[in-house]
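Peer 1: One structure coming up, written as structure tokens, with questions to follow.
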There are 2 protein chains.
Amino acid sequence: MTTEEAQRRTSGVSATTAANTGEFGIANPARSTAWAGAVQAGARVLPEHARSHNRALVLQALFRAEGLSRADLAREVGLTRVTISDLIGDLINENLVIELGVRTDSRPGKPATMLDINRNGFVVVGLDLSFNSRFRGAVTNLDGTVLHREELDVTGVTGSEAVEATALILERLVAAATAPILGVGVGSPGIVDATGTVLSAPNLGWKDLPLQQILSMRAQLPVQVANDANIAALAERTFGGGGADMMLVRAGRGVGSGLIVGGQQVYGSGSAAGEIGHVMVGTDGGDICVCGKSGCLETWLAIPRIEARLANATTEAERESILREAGERLGIATAPIVGALNLGEVVLSGPSELIDGPLIAAAADTLRDRTMAEFVGDLSVRMTTLGRDIIVLGAVVMVLTGQLGVY
Amino acid sequence: MTTEEAQRRTSGVSATTAANTGEFGIANPARSTAWAGAVQAGARVLPEHARSHNRALVLQALFRAEGLSRADLAREVGLTRVTISDLIGDLINENLVIELGVRTDSRPGKPATMLDINRNGFVVVGLDLSFNSRFRGAVTNLDGTVLHREELDVTGVTGSEAVEATALILERLVAAATAPILGVGVGSPGIVDATGTVLSAPNLGWKDLPLQQILSMRAQLPVQVANDANIAALAERTFGGGGADMMLVRAGRGVGSGLIVGGQQVYGSGSAAGEIGHVMVGTDGGDICVCGKSGCLETWLAIPRIEARLANATTEAERESILREAGERLGIATAPIVGALNLGEVVLSGPSELIDGPLIAAAADTLRDRTMAEFVGDLSVRMTTLGRDIIVLGAVVMVLTGQLGVY
DNA sequence: TTTGTTAGTAAAGGTCACTAACAAACAAAA
DNA sequence: TTTTGTTTGTTAGTGACCTTTACTAACAAA
């Protein structure tokens, strides 16, 4: 690896950069500048943690509204101009923030120096392993704007071959990066624990696979791995305008979901939050599922199942009835969740030609019928606006949160 | 009010005590020493916030394991002995911590001075407004040990009369306090927002009632109000051995629940989290509910409904069948919630002669049948161990959390 | 008596954000 | 044009906080 490559491949954020350019060195540990990182259950807090929290706040403010001056930030965040200047000084040194020049509009006082996140100074790599037959990945800037895409056919590929395929597409993406890589985010199907170990992903034949560790060693970069539907919820929250109490349901080969409760991602007692595909819906039977039960949500909502039913439909009315039934079943299954968590939003992700129409309308109707209007009156049931990139974007959010504390 | 009374009634925790003894002064604002309080969305963090967080950690450690020395605390919390000594100095000055004497067991080195929370130095007042015909309340020490109880018949009492009744029982409890009162916690039925305003409590005829503000003014004490089932979940978490991902379902006149997700209480987008009584269960109809729908969870699980059905049962088998059906319906309704949140525990609260038996067994069976064993394999479905005091204890937890940051 | 260990305190040092004060740069009024 | 007032960003000094280092007190074991 040449020096330039090392330069490009290694995030310049950490002060330990120089030590990490060796091919077999240890990758940068994920910097938990997010406050949440410091305040995990029963962790002491030092002034330096306050500093990283405030630093993350500044970055967040710059993320959300571009074109802020130091004084603007001071007002926004609540710190003094002095402290903001100090923090911004650090951030500029780390090349995370840049000065855009003086504010042009005419008003009294010294003209302000406009600042912004260095949106193109770093890139993020996002990987989507959720499709059955192909892995997808992208290089994005810090905005989530896709700069480069890669796809890889993985039909029938499982086990360690699938790991190799993941490493291969990651390698290609890393090679395509035009700026230092802040980190790598991976959305994997199955159950993924907090350490990025895939506890179980039947489709890929993975069990207790420490994917984060493997990829991090290979790429010499900070890597974060999480469940695909879960990070889709993250993406919707950050880039799709999702609220603080939200559920994202993803219909594909199977059915999964991700939950944001009180602004926080839900992980669950066994890292299996969102796994609603094999919850039985209703009390009137249903088709047999691969899991052995009858009438699982997946038998109603999985895309192959819907397509199979639609294949027998001859009229438009039949087609609509099939889609409405799928939506109804989704409504029946999610009504207790929406009620118990008092969710404000249910967002759907999947092929829009099937989902965005009678299905989603029926789901909304059913949800309203089966819950108390007083509690869920302003419930919004809608399609995601992020389309097929939602997993990749979720991976980006994961990296931004993990490395910069931005969310 | 005499000086002694003022002394007793006012928490000695705050440095502003002297200013708050006036009959019509403003009560101590709730001290948010908890870190969560300081780190609400987008709040800057100063070194002093770190201090209060660490202080709360020390208090928590002392709460959980009594008989710790300063050096033990240093090891436990991760701060140095010097810092712990400093924090403990403050806490002893505020009478929140006491020295128990030197450790007696024989080991090398200087014998340690044992410390403990001053468990009887302060009391907490808890109020339970959840019963239809009577308000209940208790004075407890910081352990949650009940020192004194009060009950008040409120059959048919609603609206402002119910507020007066609440104030009356609170007054009696305050008069019975034998130590400075740390704060007052109130568990109210209905929907209660973060400011302690009862947005809606049909049974009591309350709507947009700022109960926390009213009681706080009357009693000149910090008051916190929340939904009854929600704080029951808090109680179960702190005093009942509940885990970090847990649901507590409370069957009474109606059906409510409280959720702990990732160790945090769930509030919901409209402060209505846990309201599952009027979620429809199954797809095969059911009795008409007061809300107009058919087959709401309440029509299956509310105690009056169960009792009405049992009145017609002649044999033990019939009785058991009725209870099993109620449990099944509970299982059907909660299965999607347990699956989506990957809960580790479902705890029931209510009259144990009805719930603790076929009902809970059927609920557990149904939950396991309708979810994926792989995800909820170690799901525990059980009765609360806290009995009728659960709401009062929840109120205590709320005060401990709000005033001391302990949870 | 000596040695080693543990508890708690004291002093010094570094980090962090604050207040106060100031120069630079501008608009608008005089 | 000069003066006044406003806004920005920086410098200097202060206080809060936790750490490291160093110390004394008190004990067990050899």
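Peer 1: Only residues that are in contact with a helix residue (DSSP H, G or I) (Cβ under 7 Å, 6 or more places away or on another chain) and at pLDDT below 90: list them for segment B:81-119, please.
Peer 2: Matches in segment B:81-119: B:ALA112 only.
Peer 1: Something else about it: Does B:ASN141 fit the bill of being open to solvent by less than 60 Å² (accessible area, probe 1.4 Å) and either of a type outside the set (A, V, I, L, M) or within 16 Å of DNA strand D (Cβ to nearest atom) (or both)? Show your work before the answer.
Peer 2: Values: open to solvent by less than 60 Å² (accessible area, probe 1.4 Å): yes; either of a type outside the set (A, V, I, L, M) or within 16 Å of DNA strand D (Cβ to nearest atom) (or both): yes.
Yes.
Peer 1: Would a scan of segment A:125-134 turn up a residue that is touching a His at 6+ places or on another chain (Cβ under 9 Å), closer than 22 Å to A:GLN220 by Cα and touching a residue at least 12 places away in the same chain (Cβ under 8 Å)? Please lay out each step first, then the result.
Peer 2: Step one: of segment A:125-134, the residues touching a His at 6+ places or on another chain (Cβ under 9 Å) are none.
Scanning segment A:125-134, I find no residue that is touching a His at 6+ places or on another chain (Cβ under 9 Å), closer than 22 Å to A:GLN220 by Cα and touching a residue at least 12 places away in the same chain (Cβ under 8 Å), so the answer is no.
Peer 1: Restricting attention to segment A:52-75, which residues are away from DNA strand D (no atom under 11 Å from the Cβ) and either within 9 Å of chain B (Cβ to nearest Cβ) or closer than 18 Å to A:PRO111 by Cα (or both)? Full working, then the answer.
Peer 2: Residues of segment A:52-75 away from DNA strand D (no atom under 11 Å from the Cβ): A:52-67.
Within segment A:52-75, A:HIS53, A:ASN54, A:LEU57, A:GLN60, A:ALA61, A:GLU66, A:GLY67 qualify.
Peer 1: In this structure, does B:SER380 turn out to be open to solvent by 30 Å² or more (accessible area, probe 1.4 Å) and within 14 Å of chain A (Cβ to nearest Cβ)? Steps first, please.
Peer 2: Numbers: open to solvent by 30 Å² or more (accessible area, probe 1.4 Å): yes; within 14 Å of chain A (Cβ to nearest Cβ): yes.
Taking the combined requirement at face value, the residue satisfies it.
Peer 1: Taking segment A:76-105 only, how many residues are more than 14 Å from chain B (Cβ to nearest Cβ) and among the basic types (Lys, Arg)? Full working, then the answer.
Peer 2: Of the residues in segment A:76-105, the ones more than 14 Å from chain B (Cβ to nearest Cβ) are A:85, A:88-105.
Going one step further and asking which of them are among the basic types (Lys, Arg), we end up with A:103.
Qualifying residue count for the region: 1.
Peer 1: Do you know which residues across segment A:277-295 are surrounded by 23 or more Cβ atoms within 10 Å (Cβ to Cβ), without any contact (Cβ under 8 Å) to a residue 40 or more places away in the chain and facing chain B (nearest Cβ under 7 Å)?
Peer 2: Residues satisfying the conditions are A:HIS278, A:MET280.
The rows are residues; the columns are (1) within 13 Å of chain B (Cβ to nearest Cβ); (2) modelled with pLDDT of 95 or more.
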| site | (1), (2) |
| --- | --- |
| A:ILE306 | no, yes |
| A:GLU325 | yes, yes |
| A:GLY331 | yes, yes |
| A:ALA335 | yes, yes |
| A:VAL338 | yes, yes |
| A:LEU354 | no, yes |
| A:GLY387 | no, no |
| A:ILE391 | no, yes |
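Peer 1: Also, quick follow-up: Would you mind finding the one in B:ALA175, B:ALA194, B:ALA179 that is outside any loop (DSSP other than H, G, I, E, B) and not assigned by TED's automatic domain parsing to the domain that holds B:ILE276?
Peer 2: Working: B:ALA194 fails: outside any loop (DSSP other than H, G, I, E, B); B:ALA179 fails: outside any loop (DSSP other than H, G, I, E, B).
Every option except B:ALA175 fails the conditions.
Peer 1: Follow-up. Any residue in segment B:196-218 that's over 16 Å from B:GLY270 (Cα atoms): show its pairings with residues that are in a helix (DSSP H, G or I) and open to solvent by 50 Å² or more (accessible area, probe 1.4 Å) at Cβ separation under 8 Å, as long as the two are six or more apart or on different chains.
Peer 2: B:ARG218/B:GLU171
Peer 1: Here's something else I'd like to know. Of the numbered conditions (1) in contact (Cβ under 8 Å) with a residue 40 or more places away in the chain; (2) under 22 Å from A:SER133 (Cα atoms); (3) within 9 Å of another protein chain (Cβ to nearest Cβ), A:ALA302 satisfies every one except a single condition; which is it?
Peer 2: (3)
Peer 1: Considering only residues that are among the aliphatic types (A, V, I, L, M), open to solvent by 30 Å² or more (accessible area, probe 1.4 Å) and near DNA strand D (Cβ under 8 Å from one of its atoms), which ones fall in segment A:76-98?
Peer 2: Applying the first criterion (among the aliphatic types (A, V, I, L, M)) to segment A:76-98 yields A:77, A:79, A:82, A:84, A:87-88, A:91-92, A:96-98.
With the extra rule that they be open to solvent by 30 Å² or more (accessible area, probe 1.4 Å), the set shrinks to A:82, A:92, A:98.
A:VAL82, the sole residue that qualifies.
Rundown of residues vs (1) within 23 Å of A:LEU386 (Cα to Cα); (2) out of contact with any Lys or Arg (no Cβ under 8 Å at 6 or more places or on another chain), yes/no style:
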{"residue": "A:THR113", "(1), (2)": "no, no"}
{"residue": "A:THR140", "(1), (2)": "yes, yes"}
{"residue": "A:HIS148", "(1), (2)": "yes, yes"}
{"residue": "A:GLU161", "(1), (2)": "no, yes"}
{"residue": "A:ALA179", "(1), (2)": "no, no"}
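Peer 1: Has segment B:121-133 got at least one residue that is in contact with an Asp or Glu (Cβ under 6 Å, 6 or more places away or on another chain) and within 16 Å of DNA strand C (Cβ to nearest atom)? Steps first, answer last, please.
Peer 2: Initially, segment B:121-133 is screened for residues in contact with an Asp or Glu (Cβ under 6 Å, 6 or more places away or on another chain), giving B:130.
Add one more test, that the residue is within 16 Å of DNA strand C (Cβ to nearest atom), and what stays is none.
Within segment B:121-133, not a single residue is in contact with an Asp or Glu (Cβ under 6 Å, 6 or more places away or on another chain) and within 16 Å of DNA strand C (Cβ to nearest atom).
Peer 1: Tally up the residues in segment B:130-181 that are more than 27 Å from B:ASN120 (Cα to Cα) and not acidic (Asp, Glu), please.
Peer 2: In the first step, residues of segment B:130-181 are kept if they are more than 27 Å from B:ASN120 (Cα to Cα); the result is B:130-134, B:153-165.
With the extra rule that they be not acidic (Asp, Glu), the set shrinks to B:130-134, B:154-160, B:162-163, B:165.
Qualifying residue count, segment B:130-181: 15.
Peer 1: If I filter segment B:99-122 down to residues being open to solvent by less than 50 Å² (accessible area, probe 1.4 Å) and away from DNA strand D (no atom under 15 Å from the Cβ), which single residue comes out as farthest from B:HIS148 (Cα to Cα)?
Peer 2: B:LEU115
The values are calculated or read from the model by the stated rules, or taken from the named source; none is laboratory data. Note that the coordinates shown come from a computational prediction; the quantities given were computed from them, not determined experimentally. Don't worry about glycine lacking a Cβ; one is built from the backbone with ideal geometry, like all the others, and counts go over all protein chains shown. Side chains are part of the model used for accessible areas, which takes the heavy atoms of the whole protein and leaves out ligands, DNA and RNA. Shrake-Rupley method; radii C 1.70, N 1.55, O 1.52, S 1.80 Å.
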